[in-house]
1. Can S208 be described as free of Cβ contacts under 8 Å to residues at least 12 places away in the same chain, more than 29 Å from L31 (Cβ to Cβ) and either surrounded by 15 or more Cβ atoms within 10 Å (Cβ to Cβ) or hydroxyl-bearing (S, T, Y) (or both)?
2. Looking at the structure I just gave you, is M576 modelled with pLDDT of 95 or more and under 23 Å from R626 (Cβ atoms)?
3. So which helices (runs of 4 or more DSSP H) stay within the range 173-276 end to end and still have 1 or more residues that are charged (D, E, K, R)?
4. Restrict the check to the range 297-309 and report whether at least one residue is more than 16 Å from the chain's Cα centre (by Cα), in a helix (DSSP H, G or I) and either modelled with pLDDT of 95 or more or small (G, A, S) (or both).
5. So Y390 clears everything in (1) closer than 30 Å to T34 by Cβ; (2) surrounded by fewer than 16 Cβ atoms within 10 Å (Cβ to Cβ); (3) in the same structural domain as G480 (by TED's automatic domain parsing) except one condition, right? Which one?
6. E358 passes all but one of (1) part of a loop (DSSP other than H, G, I, E, B); (2) out of contact with any strand residue (DSSP E or B) (no Cβ under 9 Å at 6 or more places or on another chain); (3) under 30 Å from I430 (Cα atoms); which number fails?
7. Of the residues that sit in the range 224-270 and are of a type in the set (F, W, Y) and in contact with a helix residue (DSSP H, G or I) (Cβ under 9 Å, 6 or more places away or on another chain), which one is farthest from E20 (Cα to Cα)?
Amino acid sequence: MRILLSYSTYHFDPERPPDEHEHWASSASILARTLHAILGRMGEVIYVDAFTVPLETLAAQQFDVCVGIVDRFDEISRASGARVNVVLAVNSHPRHRTAALRAAVADWGLPETALAEWDLPDAAAMSTAISRADAVICVGNTTVLNTYLANGVPPAKVKVVNYGTGPSLPDAAGGAEPSEFVHVASEIGLRKGFDIVHELFTSQGFVSSSARLTVIGRPVTPFHEQKLAHLQDVLGDRLTAAGWVESSSAAYDRALRRAAFVVSPALEEGQAGAVLDAMRRGAVPLLTPQTGIDFSPLGWLEPRLGSAANAEALRQAVGLDPAGLARLRAKTLDYYRGFHEEFEGPLEEAVRGALHGELHPKVSVTLPVFNKEGTIRGLLGYLDRALKAYPAGELHVVLDGCKDQTEQVVRRFYAGRRSYPVTFEVTPDIFEVRTNNIGLRKSTGKYCVILQDDNYVYDRSLFYEAVTFLDKNPRIAVLGCLAGVNLYPRGTTGLDGPGQVVMSDVEVYWRQDARTDPALGRKFFQVDACMRGPLVLRKSFLEEHGYLDEAYAPFYMDDMDIAMRATSLGYQVYAMLGDVENRSLTIANYDDARNEFWERTIRAGADLFYSRWTPSVDKDYLQVERVPVADPRRLPLRDELRARAPEPVVKLARLAREPRRVPAALAFHLGRVTTALKGDGR
């Protein structure tokens, strides 16, 4: 296979040794040389500079695959004649970037000179390139992903990945100055959020403290040179304006090792490599979601001026005691190690998938059903919607001893439906541990989902979001989408707090959900275990370390057991609060005899579990920021249409979403305007 890789020889040239590269440690160099190595394992790679390569030299050759950055990609891919074309996107969608930066200039009353000449790319040409590509691999988080969905890129065509800038450096964490902040960026300007940095660090809360700020990077406009000079006037010797410092230098390393916090309130990004440089040394990040990194433990910064949330985050950082800072630095290193340090494997999997038309890995759902003739069709309707929304799924239905018309209802529902493969298995009444194992063993996907017959999946993006998260950290073996559980040794007392807390002679646990802490709805959070349904398991883990232990049959604690098994083997267990409802339709219909059976089974399962495992008492687990995948049909005005629409039309469309402010008849007609603006733009 002949592969054309279009990137930048300024940052990486495979014909030159590393010591001849001026920017060997830059993000662009890391990504280019990692891609070059990955593609080199797949075929013959021809590396060209996207900005200077003569198109006629490409037309004279024959390529099977073209991979490259978005710059000139449409021209290059056409000239290459490649049958498979893959864009590596290192920023948000170009139309979003243009709209976000222009909106900031207008809303903040900034002069046009606040925009650097490269801030506003050729969005039309880049959008054409993205449309031409068969797949878009985007470096960033879900906030970045959503900019592509908002601009009409189908979810099946785009995948976000993380990257890293080197190994974590835990030895650096101890040398930080507790009150030292750093803003480090390839450019000091609007796009990277320097206007917000200027506002925060000239605020009374910071000026009256003894904290210090270091700014690494060059201002990209005279406007921002003046802002940096003003910041120097305000802070005096508490500001170090270091200018450009090469990221491979000892001076760069020393500056980042000193920093307790890295501040990056970017308005637009892919994934900020300079921030990752600081984080791998333990600097605690204060970030906007637009920075492209999913860890900001004092809360997200907002990409706007005058934000109370930004002021509060800075206040917390300045006032953090040494123990609190040490804890957050340890968490930062944990996050970096898990989600960024070993990025090459997930990136290679994404590239291989893109080249073979399998950008998104398969998800296999197992659904055991027992006597649900009156409710199962509604559940299947929601599940079908979610499976259709995910690019690669399959379903295994296990009809478990049904004595009513459930089997007929289920088979009738899937008669003639061909969106994804569906299999059926009919068993005697053997209960969930065994039925789930039947489906798990039949599953051919990278990820296996266990769903109960009374779990309603309302979120059509649930599988897409879960896989996006899991693909970034191969050490996560289990992800629960209903609720997390923190388990404690039997006999533990004194657990006190909101949500469901159980302290009985049978078991002790604290359910982790929105009742426990509403903030968990905005997190992926590490836990001891997860409640069944939907429960996502990594198939490779099951094959290597075993399926659900049928010693727990007929049911109870098998899901807790596999989570504890994963943790004991060095894997991790996370939960997210999906838009899922557990209606408890089976247990609610138990009679006295069944209730006795239920209580006996609970006791037996818990006895077995506690004979094997002694849960810890310390639950200081990692939490990762969560931005749900947007439903493209429910997004606000798309960036490309907002940029093209006259301002009065945009205002009318916004007004139509607030019908109480306009008469009903006018709201009807304005609603039609909104619908038109949300269309595909043709």
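1. For S208, the condition - free of Cβ contacts under 8 Å to residues at least 12 places away in the same chain, more than 29 Å from L31 (Cβ to Cβ) and either surrounded by 15 or more Cβ atoms within 10 Å (Cβ to Cβ) or hydroxyl-bearing (S, T, Y) (or both) - is met.
2. Yes, satisfied.
3. It comes to 194-201, 222-235, 250-258.
4. Yes, the range 297-309 has at least one match.
5. So Y390 meets the others, but not (2).
6. (3)
7. So, considering only residues that are of a type in the set (F, W, Y) and in contact with a helix residue (DSSP H, G or I) (Cβ under 9 Å, 6 or more places away or on another chain), the one farthest from E20 (Cα to Cα) is F261.
A quick yes/no check of all residues on (1) under 22 Å from the mean Cα position of the chain (by Cα); (2) free of Cβ contacts under 8 Å to residues at least 24 places away in the same chain:
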| position | (1), (2) |
| --- | --- |
| V65 | no, no |
| I76 | no, no |
| S131 | no, yes |
| C138 | yes, no |
| N141 | yes, no |
| L149 | yes, no |
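The values are calculated or read from the model by the stated rules, or taken from the named source; none is laboratory data. Worth saying up front: this structure is predicted, and the values here are computed from it rather than measured. Note: ideal-geometry Cβ built from the backbone for every residue, glycine included; neighbour counts use all protein chains shown.
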